[in-house]
Structure formats: C-alpha cells, structure tokens
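The values are calculated or read from the model by the stated rules, or taken from the named source; none is laboratory data. Here the structure is a predicted model, which is why all the values come from computation and not from measurement. Neighbour counts are summed over all protein chains in view; Cβ atoms, including those assigned to glycine, are modelled from backbone coordinates with ideal geometry. Calculation scope for accessible area: heavy atoms of the full protein, side chains included, ligands and nucleic acids excluded. Shrake-Rupley method; radii C 1.70, N 1.55, O 1.52, S 1.80 Å.
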Amino acid sequence: METTSFLLLRLAVAISMFGHGLVRLPKLTAFSNWMVGSFENSILPKIIVTPFSYILPIAEFVIGLLLLLGLFTKPSLIAGAFVMLALLFGTSMIENWEAIPSQLIHVAFFALLLHFAEYNSWAIDNLIKK
C-alpha cells in the first residue's frame with residue numbers, strides 16, 4: 001500500500017511540474033517578459049530575473065518528466081524542492097502572498113517524497129538498479 005501511495009504522490013507532483021513547464025515552453029519569450037515585468041519593482045535585478053525566467057520552464061518540464069518516469073527520482077525531488085525555494089524567495093520579493101501557500105505545499109510534497117523514497121517501487125530507477 002505504501003508503494004501505491006508514494007506513486008500517487010510522485011505522479012501528482014510530477015504532473016504539476018511537467019504541466020507548468022509544458023505550457024510555458026511554447027511561449028517562453030512571452031513568459032519571460034511577463035516574469036521580468038512582474039519583478040520590475042522588486043529588489044531583484046533584471047540580470048538575475050531574465051535568465052531565471054528562461055531556465056524555470058525548462059527545469060519544471062525536465063523535473064516533471066523525470067518524476068513521471070521515476071528516473072533519477074531522488075535528485076529530481078531535491079532539484080524540484082530547490083526550484084520551489086527559489087520561487088518562494090522571488091514570490092516574497094514581489095509580495096505575492098497568495099502564491100506562497102501553493103509553493104509551500106509543493107516543497108512539503110518534495111520533502112515528504114524524499115523522506116519516503118524507499119517506497120519508490122514503481123520507477124525506472126529500480127529497473128536500472130537490477
């Protein structure tokens with residue numbers, strides 16, 4: 001039962017990350033312009049926000065895909081948590097307090113999945129180990 005619960009949680013987080021990246025990739029420049037505009041009144045300089053705005057959708061897509069497959073699961077969970085921590089920092093800098101609960105929930109799920117990674121039975125990782 002634990003392995004099924006782990007799978008369901010892993011897939012839920014994976015779909016969220018994958019979906020965020022997937023819808024942003026085709027409109028990467030528009031997404032970047034929106035993000036840079038959102039941060040124009042923050043203390044974060046454009047020289048930091050611009051590259052992050054291009055990297056974020058790619059990171060979300062790749063992390064989501066790896067988690068969907070169960071490939072490099074632990075490193076993907078750690079990477080996902082760090083992406084969310086960066087988003088939390090940025091969200092705080094623009095005082096978008098409404099977005100923080102969702103980001104905190106994502107971090108909590110990444111941490112929970114990492115803690116219970118031993119139950120990651122339904123994954124390509126396990127095929128590679130054999």
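For this structure, a couple of remarks:
- Candidates 126, 96, 120: the one that is open to solvent by less than 70 Å² (accessible area, probe 1.4 Å) and modelled with pLDDT under 95 is 126.
- Criterion applied to 70, 80 was being farther than 16 Å from residue 106 by Cα and in contact (Cβ under 8 Å) with a residue 60 or more places away in the chain, and the one residue passing it is 70.
- In summary, residue 87 fulfils each of the numbered conditions (1) touching a Phe, Trp or Tyr at 6+ places or on another chain (Cβ under 8 Å); (2) crowded, with 18+ Cβ neighbours inside 10 Å with the single exception of condition (1).
- The single condition among (1) in a helix (DSSP H, G or I); (2) surrounded by fewer than 15 Cβ atoms within 10 Å (Cβ to Cβ); (3) without any contact (Cβ under 8 Å) to a residue 40 or more places away in the chain that residue 3 does not satisfy is (3).
- Criterion applied to 35, 17 was being open to solvent by less than 70 Å² (accessible area, probe 1.4 Å) and in contact with an Asp or Glu (Cβ under 6 Å, 6 or more places away or on another chain), and the one residue passing it is 17.
- Pairs where the first residue, in region 95-123, is under 22 Å from residue 70 (Cβ atoms) and the second is assigned to a loop (DSSP other than H, G, I, E, B) and among the aliphatic types (A, V, I, L, M), C-beta under 8 Å, 6+ apart: 123/71
- Counted residues, region 20-32 - those being buried (at least 16 other Cβ atoms within 10 Å of the Cβ) and either of a type in the set (D, E, K, R) or touching a residue at least 24 places away in the same chain (Cβ under 8 Å) (or both): 4
- Answer from 76, 102, 53, 42 - the residue that is on the phi < 0 side of the Ramachandran plot, assigned to a helix (DSSP H, G or I) and surrounded by fewer than 19 Cβ atoms within 10 Å (Cβ to Cβ): 102
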